[in-house]
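In what follows, a structure is listed as structure tokens, so that the remarks can point back to it.
The values are calculated or read from the model by the stated rules, or taken from the named source; none is laboratory data. The shown structure was predicted, so the numbers you read here are calculated from the model rather than taken from an experiment. Cβ placement follows ideal geometry from the backbone for every residue including glycine, while neighbour counts extend to all protein chains displayed.
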Amino acid sequence: MSVKGKPYYITTAIAYASGKPHIGNTYEIVLADAIARFKRQQGYDVRFQTGTDEHGQKIENKAKEAGITPKEYVDRTASEIKRIWDLMNTSYDRFIRTTDEDHEKQVQKIFKKLYDQGDIYKGAYEGMYCTPCESFWTKAQLVDGKCPDCGRPVQLAHEEAYFFKMSKYADRLIEHIETHPEFIQPVQRKNEMMNNFLKPGLQDLCVSRTSFKWGIPVDFDPKHVVYVWLDALANYATGVGYDADGNHTEMYKKYWPADLHLIGKDIIRFHTIYWPIFLMAMGEPLPKQIFGHPWLLQEDGKMSKSKGNVLYADDLSKIFGVDAVRYFVLHEMPFETDGVISWDLMVERFNSDLANTLGNLVKRTISMSNQYIGGVIENKGVSEKVDDDLHNTVLGTRDQIVKDMEGLRVADALTHIFNLFKRCNKYIDETEPWILGKDEEKKDRLSTVLYNLADSIVIGTALLSPFLPETAEKILKQLNTALPEFDDLHTAGRFVSGTKVTEDPETLFQRVKNEDIAKEIEKLYPAKKAEKKQEKKAPEAPAFDFDKAQNKENIVFDDFLKNEFRVGEIIEAEAVEKSEKLLKFKVRIGSEERQILSGIKKYYPEPEKLIGKKVMAITNLPPRKMAGFESQGMLLCAEDKEGNLALMTTDDKIGAGAEIS
């Protein structure tokens with residue numbers, strides 16, 4: 001089915017204008033941009049909106065501390081946020097601010113509309129209030145007496161307020177979620193909303209405040225300002241021309257309902273419960289999909305200014321470049337579980353993936369073309385069997401990427417693209433152009449090999465362009481070719497035979513060293529010298545007594561054969577919160593997924609790094625309960641005299657489910 005000209009509306013959460021966004025915040029805008037660019041490449045008519053949430057008590061307090069007005073404060077912070085979004089080369093169509101006049105006017109009209117139809121009523125609120133989260137809580141909802149969302153202290157608050165009748169629409173929302181399985185993604189976010197909030201019953205929601213003034217006034221009761229969530233959430237509709245009186249713009253009629261709301265998992269409740277219910281009350285259709293992406297964490301946990309572990313996109317870009325930062329945040333973020341960022345990991349990915357796999361491939365191909373055939377790459381049609389496997393990999397990648405992106409598995413899409421480039425590098429080793437170049441009789445075969453490489457690189461680069469747009473542009477320029485049509489990327493011949501490539505290929509990504517990066521970090525943070533990272537050592541463990549191990553009782557071979565050993569692939573890994581020892585894994589074994597617990601928490605402080613590993617497991621043990629969870633097998637480990645322990649892994653070529661014998 002053709003998608004040419006089909007509208008596609010994607011939004012991000014609007015960033016709270018209280019300060020500079022860190023790299024975890026920036027991940028979301030880069031993710032949205034990659035999706036928007038990919039959709040445009042497919043032929044969709046894309047509308048991409050982002051922006052800033054600029055009202056609330058927290059901003060009023062910060063402005064007071066700074067000795068300026070709230071508007072002056074948000075003007076500064078919104079400008080800084082927009083600067084970061086622009087630096088990261090994001091292609092949004094509108095950067096909406098909740099202080100924009102058109103937005104404020106419509107929020108007032110929405111509030112009045114909902115009040116007039118009886119969905120909003122005046123009352124009084126007494127509860128525990130978290131200023132940073134702009135959220136009220138009952139005492140029962142607190143965790144250790146603190147905000148359940150951010151863990152900060154709360155204060156008792158009592159004030160007159162308007163409330164929205166959430167329960168009036170709860171059953172209708174439950175039915176919508178149950179009949180639209182794609183509405184909330186990933187599935188675990190849907191289950192969380194249904195089981196923790198909707199099914200237990202919704203309380204009426206406070207939608208106005210009187211204890212501060214920095215907000216949109218309720219026009220018929222000016223001592224009240226519209227509370228942040230009704231104000232902020234409405235941006236997705238007001239930004240494309242929604243009108244509460246029904247006089248919607250042509251843009252709104254074209255793009256609403258939104259195809260995708262892209263948000264962080266920490267605000268999933270507001271977007272999957274409050275916003276859909278508001279829309280139901282407004283008489284508008286619901287967004288087609290809401291994706292609550294995981295967090296990008298520093299090695300020692302969630303980024304926090306108070307912890308001093310915040311990384312910023314502009315700092316990272318000064319060292320690695322914008323596209324390298326885009327690649328890292330997109331590639332390292334799993335679909336459901338949190339991703340991890342560190343300087344060392346960035347260096348590793350930069351050198352292995354960008355400099356070696358991609359950059360070296362492009363430079364070698366162009367250099368060999370200049371050296372052996374004068375830079376003019378022609379398809380002479382001298383094919384061999386090895387070419388078929390290259391073509392199968394390259395020409396099958398487009399459809400795989402479409403499947404990945406339809407499932408919002410952006411990291412998987414990048415992995416498949418780089419598998420294409422890895423296959424090209426392998427093809428160079430298989431065909432050995434430097435040997436062919438020494439034999440005049442094999443010149444046509446050499447030209448064909450170099451053509452196959454150039455054609456494959458062009459196809460891979462076209463697929464890469466939504467994710468690393470500047471890099472793609474550089475590659476195509478060096479190959480002296482244009483970006484091919486997306487619909488043609490599953491067929492060979494995208495590189496025009498007879499094209500002359502550049503004579504002086506650029507090094508796309510210059511390899512870096514950890515020690516050089518450490519010096520750059522010192523320049524960026526002169527007041528806080530970067531310390532050399534100490535290798536994490538596992539806590540002391542009792543030395544293994546090998547002599548005793550050798551004296552274990554012998555068993556007969558038939559007893560050994562009773563054990564079923566199989567290869568499993570770890571697809572999820574997380575710590576069991578209330579256990580000092582246990583990690584919980586989801587392991588794919590053939591077509592089956594099993595939950596397996598293992599007491600190796602102290603040896604793997606960052607279990608998410610184990611995702612994708614092929615491990616060895618005993619699969620015919622009876623299930624048993626561990627810390628309230630059922631474990632359906634055992635993972636095999638090795639331990640040495642010094643107490644070092646490691647999971648037993650196998651070659652990536654071995655499929656999950658293969659029997660170990």
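In the range 64-93, the qualifying residues are those that are in a helix (DSSP H, G or I) and crowded, with 19+ Cβ neighbours inside 10 Å, and the one that is farthest from the chain's Cα centre (by Cα) is P70. Considered as a group, the residues in the range 218-239 that are buried (at least 24 other Cβ atoms within 10 Å of the Cβ) and touching a Lys or Arg at 6+ places or on another chain (Cβ under 7 Å) include one that is nearest to F48 (Cα to Cα), and that residue is G239. Pairs are defined by a Cβ separation below 8 Å, a sequence spacing of at least 6 or placement on different chains, a first member in the range 441-458 that is farther than 20 Å from K422 by Cβ, and a second member that is basic (K, R); the pairs so defined are D444/K380; R445/K380; S447/K380; T448/K380.
Those strands (runs of 3 or more DSSP E) of the range 609-661 in which at least 1 residues are over 16 Å from K584 (Cβ atoms), considering only elements entirely within it, cover 614-618, 637-639, 645-647.
Listed by first and then second residue, the pairs with beta-carbon distance under 7 Å, at least 6 apart or on different chains, first residue in the range 174-190 and within 18 Å of E572 (Cα to Cα), second of a type in the set (F, W, Y), are Q185/F291; P186/F335.
Pairing residues of the range 20-40 that are over 23 Å from Y8 (Cα atoms) with residues that are among the hydroxyl-bearing types (S, T, Y), at Cβ distances under 6 Å and at least 6 apart in sequence or on separate chains, gives H22/Y312. On the stretch given as the range 11-38, residues that are closer than 21 Å to D315 by Cα, assigned to a helix (DSSP H, G or I) and of a type in the set (D, E, K, R) total 2. Selection over the range 191-209 of residues that are free of Cβ contacts under 8 Å to residues at least 12 places away in the same chain and not in a loop (DSSP other than H, G, I, E, B) gives a count of 3.
For the range 209-217, state whether one or more residues are of a type in the set (G, A, S), surrounded by 12 or more Cβ atoms within 10 Å (Cβ to Cβ) and at pLDDT 95 or above. Taking every residue of the range 209-217 in turn, at least one turns out to be of a type in the set (G, A, S), surrounded by 12 or more Cβ atoms within 10 Å (Cβ to Cβ) and at pLDDT 95 or above.
The numbered conditions (1) surrounded by fewer than 18 Cβ atoms within 10 Å (Cβ to Cβ); (2) touching a residue at least 12 places away in the same chain (Cβ under 8 Å); (3) of a type in the set (A, V, I, L, M) are all true for I96 except (1).
Residues in the range 138-165 that are crowded, with 16+ Cβ neighbours inside 10 Å, modelled with pLDDT under 85 and farther than 27 Å from W295 by Cα: A157 only.
In the set (1) free of Cβ contacts under 8 Å to residues at least 24 places away in the same chain; (2) acidic (D, E); (3) surrounded by 15 or more Cβ atoms within 10 Å (Cβ to Cβ), D119 fails one condition alone, (1). With the condition kept exactly as written, say whether any residue in the range 45-56 is surrounded by fewer than 21 Cβ atoms within 10 Å (Cβ to Cβ) and at pLDDT 95 or above. Yes: the range 45-56 contains one or more residues that are surrounded by fewer than 21 Cβ atoms within 10 Å (Cβ to Cβ) and at pLDDT 95 or above. Among the residues of the range 392-423, those identified as under 17 Å from the mean Cα position of the chain (by Cα) and either outside the structural domain of P466 (by TED's automatic domain parsing) or charged (D, E, K, R) (or both) are K403, D404, E406, R409, D412.
Scan the range 565-573 and give yes if some residue there is exposed (fewer than 15 other Cβ atoms within 10 Å of the Cβ) and either at pLDDT 85 or above or outside any strand (DSSP E or B) (or both), otherwise no. No, the conditions are met nowhere in the range 565-573. Scanning the range 339-376 for residues that are part of a loop (DSSP other than H, G, I, E, B) and either crowded, with 19+ Cβ neighbours inside 10 Å or at pLDDT 95 or above (or both) yields a total of 2. Can you pull out the residues in the range 464-506 that are of a type in the set (D, E) and within 26 Å of T90 (Cβ to Cβ)? If the condition is that a residue be of a type in the set (D, E) and within 26 Å of T90 (Cβ to Cβ), then E470, E473, E485, D487, E506 are the ones that fit. Taking the range 272-299 as the search range and keeping residues that are surrounded by fewer than 22 Cβ atoms within 10 Å (Cβ to Cβ) and among the polar types (S, T, N, Q), which one is modelled with the lowest pLDDT? Once the filter is applied, the top-ranked residue is Q298.
Within the range 610-638, the residues that satisfy the criterion of being exposed (fewer than 15 other Cβ atoms within 10 Å of the Cβ) and charged (D, E, K, R) are R624, K625, E630.
Selection over the range 435-469 of residues that are among the small types (G, A, S), out of contact with any Cys (no Cβ under 6 Å at 6 or more places or on another chain) and part of a helix (DSSP H, G or I) gives a count of 4. Is the range 367-374 home to any residue that is touching a strand residue (DSSP E or B) at 6+ places or on another chain (Cβ under 6 Å) and within 28 Å of N425 (Cα to Cα)? Within the range 367-374, one or more residues are touching a strand residue (DSSP E or B) at 6+ places or on another chain (Cβ under 6 Å) and within 28 Å of N425 (Cα to Cα).
Residues of the range 574-594 that are over 15 Å from G612 (Cα atoms) and not in a loop (DSSP other than H, G, I, E, B): A575, L583, E592.
So which of K168, K190 ends up being basic (K, R) and closer than 15 Å to A281 by Cα? That would be K168, the only listed residue that is basic (K, R) and closer than 15 Å to A281 by Cα. Within the option set E577, E608, being within 25 Å of L296 (Cα to Cα), without any contact (Cβ under 8 Å) to a residue 24 or more places away in the chain and out of contact with any helix residue (DSSP H, G or I) (no Cβ under 7 Å at 6 or more places or on another chain) holds for one residue only, E577.
If you go through the range 567-614 and keep only what is small (G, A, S) and more than 22 Å from the chain's Cα centre (by Cα), you end up with G568, S579, G590, S591, S598, G599.
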